[in-house]
Ligand code: GLU
């Protein structure tokens, strides 16, 4: 079988009128890192004359914090970042995720899995293989052939072996990237053992349902993209363009997050917060008295930055 064609073959304009999104998980208020993703996705939508949508990713309910959604919407509004359509909530989208899993089951692409994390670890330990703590532990396919009498816990996507699993995909900032999904993660989870829908499935179903042409988000999610493209293909959904933005790092070099001690964004001075987020995105310092003036100038500057991405010759 020939190697699969690249997900996108050009860095030109999107195929449909631009629709972008910001998809925060309501696990707390925005911090300096999440504002970069919000601002970058907003600027990219505006620079393309497109629409900017908001999706509250409240599917991982144990991690959701009451009041976080309202706090995030308030912070975005203070920064002048207001969605063009009413926000979606993943907690209201469960029937769509169930339908997608059903379609994958009907196509023979999804199977139930009885393994707990410790079973997967025991499998690799028995082979003397140890995966680095920061990497995913690939699923070895134990339940592909059946549950062997054990109760089903999760549902997984059957990832066909290479070359089908070898994804070459394009990022507008990072250039061409490659991942063998079978090797990197193996058959990955669509529905978790606790009954919750996995991020990979929910994000793919919702990006398609919201008509998203351009996914713009933090670089920490770049390695998830090949899984999402495999799922888009398996479900017959369009593949959007991707742009992964630089991350804000904590003092010890890790991605800024609540776990690494990120503080909620203080919005006494929204222009200063935007200025700091803009610097991470590569924008020059913009002298502006109001949020609206700052965003207008930043949109023009961002158009220059993305034109430079597009003109760069990738290896
Ligand atoms: N909800 C994810 C997060 O907050 C973002 C998902 C995405 O942009 O695809 O990290």
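General observations
- In the condition set (1) part of a loop (DSSP other than H, G, I, E, B); (2) within 12 Å of the ligand (Cβ to nearest atom), residue 16 is compliant with all but (2).
- Yes/no for residue 7 being more than 15 Å from the ligand (Cβ to nearest atom), crowded, with 19+ Cβ neighbours inside 10 Å and modelled with pLDDT under 95: yes
- Boolean, residue 203 is within 22 Å of the chain's Cα centre (by Cα) and either farther than 30 Å from residue 98 by Cα or within 12 Å of the ligand (Cβ to nearest atom) (or both): yes
- Close Cβ contacts (under 9 Å, 6 or more residues apart or on different chains) running from residues in the range 70-82 that are in contact (Cβ under 8 Å) with a residue 12 or more places away in the chain to residues that are part of a helix (DSSP H, G or I) and surrounded by fewer than 17 Cβ atoms within 10 Å (Cβ to Cβ) comprise 80/292.
- For residue 222: the one exception among (1) within 15 Å of the ligand (Cβ to nearest atom); (2) within 25 Å of residue 89 (Cβ to Cβ); (3) in contact with a strand residue (DSSP E or B) (Cβ under 9 Å, 6 or more places away or on another chain): (2)
- Note on the range 25-127: enclosed helices (runs of 4 or more DSSP H) holding 2 or more residues that are within 16 Å of the ligand (Cβ to nearest atom) and either within 17 Å of the chain's Cα centre (by Cα) or loosely packed, with under 14 Cβ neighbours inside 10 Å (or both) are 32-47.
- Of all residues in the range 192-214, those that are within 14 Å of residue 242 (Cβ to Cβ) and in contact (Cβ under 8 Å) with a residue 40 or more places away in the chain have Cβ atoms under 9 Å from Cβ atoms of residues that are part of a loop (DSSP other than H, G, I, E, B) and within 12 Å of the ligand (Cβ to nearest atom), 6 or more apart or on another chain, in 203/23; 203/57; 207/23; 207/240; 212/240; 213/240; 214/240.
The values are calculated or read from the model by the stated rules, or taken from the named source; none is laboratory data. Because the structure is a prediction, the values reported are computed rather than measured. Positions of Cβ are backbone-derived with ideal geometry, glycine not excepted, and every protein chain shown enters the neighbour counts.
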